[in-house]
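Asker: Quick one: this structure, given as structure tokens, is what I'll be asking you about.
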Amino acid sequence: MAELKNLIDTARDKGSFPTLVKAAEVLGLVGKYSKEGPYTVFAPVESAFEVIPAEVIDESFDDHPYLLGIINYHIVKGKYTTHDLLSITSLETVGGKALKITANGGFKIDSAKIIEADIECTNGVIHAIDEILIP
């Protein structure tokens with residue numbers, strides 16, 4: 001079994017989350033999410049960004065408060081595996097907003113589906129989702 005890594009290194013190594021990792025880098029969050037925790041990250045896979053025009057993504061990266069609000073809507077304090085999510089209907093994000101959790105024939109976070117669950121990390125867990133969550 002591979003050695004567990006922190007949230008940031010795991011996301012980088014997976015290769016499925018380059019835009020999300022870039023956002024963490026731009027916002028100076030790499031240190032925080034490498035060392036602190038535990039956190040649960042609902043991480044949009046790269047294909048989730050394909051529906052957004054490139055110029056809109058570029059503008060978002062230039063607007064740090066806006067980008068931070070989006071990122072903070074994907075992260076929850078504490079480690080929540082899918083087993084934990086079975087008995088939860090909502091979670092508060094680090095940005096203070098509520099995410100709706102449903103578990104009918106697969107998990108949904110707001111309207112996004114978890115497409116790869118329980119990616120273990122030393123300081124939390126990542127769940128890959130198919131959409132970007134918008135607060």
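Asker: Taking every DSSP beta bridge that has both residues in the chain, what percent is antiparallel when rounded to the nearest 5? Please report the intermediate quantities before stating the final value.
Answerer: Working: 17 of 23 bridges.
Within the chain, antiparallel bridges account for around 75 percent of the total.
Asker: If a/c stays under 1.5 just call it rounded; otherwise compare a/b with b/c (prolate if a/b is bigger, oblate if not). Do that for the stretch 71-135, with a ≥ b ≥ c from the square roots of the Cα gyration tensor eigenvalues.
Answerer: Since a/c stays below 1.5, the shape of the stretch 71-135 is classed as rounded.
Asker: A further question follows. Once you order the gyration tensor axes a ≥ b ≥ c over the Cα atoms, which shape class does the stretch 7-129 get: rounded for a/c under 1.5, otherwise prolate or oblate by comparing a/b with b/c?
Answerer: prolate
Asker: Between Glu59 and Glu3, what is the FRET efficiency for a Förster distance of 35 Å, r being their Cβ-Cβ separation, to the nearest 0.05?
Answerer: 0.35
Asker: Taking amide H atoms as placed 1.01 Å from N in the peptide plane, list the residues 5 or more away in sequence, or in a different chain, whose amide H sits under 5 Å from that of Tyr39.
Answerer: Gly78, Gly124, Val125
Asker: Short version: ³J(HN,Hα) in whole Hz for each residue of the stretch 119-125, in order, from phi by Karplus 6.51 cos²θ - 1.76 cosθ + 1.60 (θ = phi - 60°), x for Gly and Pro, what are they?
Answerer: Listing the rounded values in order: 7, 5, 9, 5, 10, x, 8 Hz.
Asker: Between Ala117 and Asp13, what length in nm is gained on full extension when 0.36 nm per residue of separation is reduced by their alpha carbon distance?
Answerer: 35.8 nm
Asker: May I ask you to evaluate 6.51 cos²θ - 1.76 cosθ + 1.60, the Karplus curve with θ = phi - 60°, for each residue of the stretch 93-99 and list the ³J(HN,Hα) values in order in whole Hz, giving x for glycine and proline?
Answerer: Per residue, the Karplus-derived 3J(HN,Hα) values read 6, 5, x, x, 9, 9, 9 Hz.
Asker: Here's another thing I want to ask about it. For the chain, what does the helix formula give at 222 nm: sum of -39500 (n - 2.57) over DSSP H segments with n ≥ 4, over the residue count, nearest 500 deg cm²/dmol?
Answerer: So the calculated ellipticity at 222 nm is -8500 deg cm²/dmol.
Asker: Still on this structure, please answer the following. Sort Tyr66, Tyr73 so that the residue with the fewest other Cβ atoms within 10 Å of its own Cβ comes first and the one with the most comes last.
Answerer: Placing the least packed residue first, the sequence is Tyr66, Tyr73.
FYI, it's all coordinate maths here, none of it is from the lab. Since the model is a prediction, treat every value here as computed from it, not as a measurement. All Cβ positions, glycine included, derive from the backbone under ideal geometry; neighbour counts span all protein chains shown.
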